[in-house]
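Asker: The structure is given below, and queries will be raised subsequently.
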Amino acid sequence: MSSVLVVEDESAIAELIAINLRHAGFEVTVVADADEAQRAVDRVLPDLILLDWMLPGQSGVQLARRWRSEARTRELPLIMLTARAEEADKITGLDAGADDYLTKPFSTKELLARIRAVLRRKAPESLDTAVEVNGLRLDPATRRVSRRVGDEQREVKVGPTEFRLLHFFMTHPERVHSRAQLLDRVWGDHVFIEERTVDVHVKRLREALAPAECSGLIETVRGAGYRLTQQTRSVAA
């Protein structure tokens, strides 16, 4: 289930968008201003943001520029919603970093189509594409995981389940995933496994990452699940 953050100060529009997105299977969070939006993004990165141009205080364009200037939020899929329909306004929104630009009023079908299109473009290019987070490199084609520590390239030995788990974390950094979500995305929704099994494999993954000095990449988010952070910390497995 993809998560969408709706940043819209007109409550009737926000509610209508949220209802339709939830009906289409999205997990939706609604906030009404730039400060709330920043706090929501600081807590957990959504899969996509719908951002109104005109907001109390800081504008959506200013917020988009801020997110595009920071490494953690630079790749956030972002669609700008606005009543401004002039070409110059569209150019301003796109130049600020929006992936798409939708003018009000808009149809629900068009909104959903735009969301799906942006998510497809922003998805990892291929399951065989190597990914790297904070120096930790995973290559699905060769099934190798490694990290440079000083002058040494250290190979990380992980089992097949831990490899799939790490690949999922690394292609969805900074997002909190519940045990149920991890079971669905890593093990598959037809596999009947207890949720606590996820804890066992996360522990094994941290132990495998320890020699490469990056076990702290996998964070426990109390009461919510697990997250791969892009800042290394030393934590107990």
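Asker: Only four residue types carry charge here, +1 at the Cβ of Lys and Arg and -1 at the Cβ of Asp and Glu. Report the dipole size of the chain about the Cα centre in Debye, rounded to the nearest 20.
Answerer: 760 debye
Asker: On average, how much area does the Cα convex hull of region 3-122 cover when viewed from any direction, in nm²?
Answerer: That works out to 6.6 nm², a quarter of the Cα hull's surface.
Asker: Treating only the Cβ of Lys, Arg, Asp and Glu as charged (+1, +1, -1, -1), what charge dipole size does region 21-125 show about its Cα centre? Round to the nearest 20 debye.
Answerer: For region 21-125, the charge dipole is close to 260 debye.
Asker: For the pair Asn134/Ser107, report the inter-label distance in nm, with labels modelled 7 Å from Cα in the Cβ direction.
Answerer: 4.6 nm
Asker: If you don't mind, there's one more thing I want to ask. In nm, to one decimal, how far is the modelled label at Ala88 from the one at Arg185, with both set 7 Å along Cα→Cβ?
Answerer: 4.2 nm
Asker: Determine, for each peptide in 90-100, 161-171, the mean count of other beta carbons within 10 angstrom over its residues, then list the peptides with the highest first.
Answerer: 161-171, 90-100
Asker: Counting C-alpha atoms alone, how compact is the chain: give Rg to one decimal and Dmax as a whole number, in angstrom.
Answerer: Using the Cα atoms of the chain, the pair Rg, Dmax is 19.4, 57 Å.
Asker: Here's a follow-up. Multiply the residue separation of Arg43 and Arg144 by 0.36 nm, subtract the distance between their alpha-carbon atoms, and state the gained length in nm to one decimal.
Answerer: 33.2 nm
Asker: Using 7 Å Cα-to-Cβ label points, what is the Asp33/Arg175 separation (nm, one decimal)?
Answerer: Result: 2.9 nm between the two label points.
Asker: Enumerate lysine pairs in the chain that are 8 or more residues apart or on different chains, then count those whose Cα atoms are under 28 Å apart.
Answerer: 6
Asker: Ok, one more. Where does helix 160-171 land angle-wise versus the long Cα axis of the chain, in degrees 0 to 90, nearest 10?
Answerer: Helix 160-171 sits at roughly 30 degrees to that axis.
Asker: Before rounding to the nearest 500, sum -39500 (n - 2.57) across all DSSP H runs of length at least 4 in the chain and divide by the residue total; then give [θ] at 222 nm in deg cm²/dmol.
Answerer: -11000 deg cm²/dmol, from helical runs alone.
Asker: Just need the Rg to Rh number for region 55-170, please, alpha carbons only, Kirkwood Rh.
Answerer: A ratio of 1.13.
Asker: If you don't mind, another one. If I histogram all Cα-Cα distances within region 131-228 using bins 5 Å wide from 0, what percent of pairs lands in each bin?
Answerer: Bin by bin from 0 Å, the calculated values are 2, 13, 26, 26, 18, 9, 3, 1, 0.
Rule-based calculations on the coordinates, nothing more; no lab input. Nothing here was measured: the structure is a model prediction, and the numbers come from that model. Quick reminder, even Gly has a Cβ in these numbers, built from the backbone with ideal geometry, and neighbours come from all protein chains shown.
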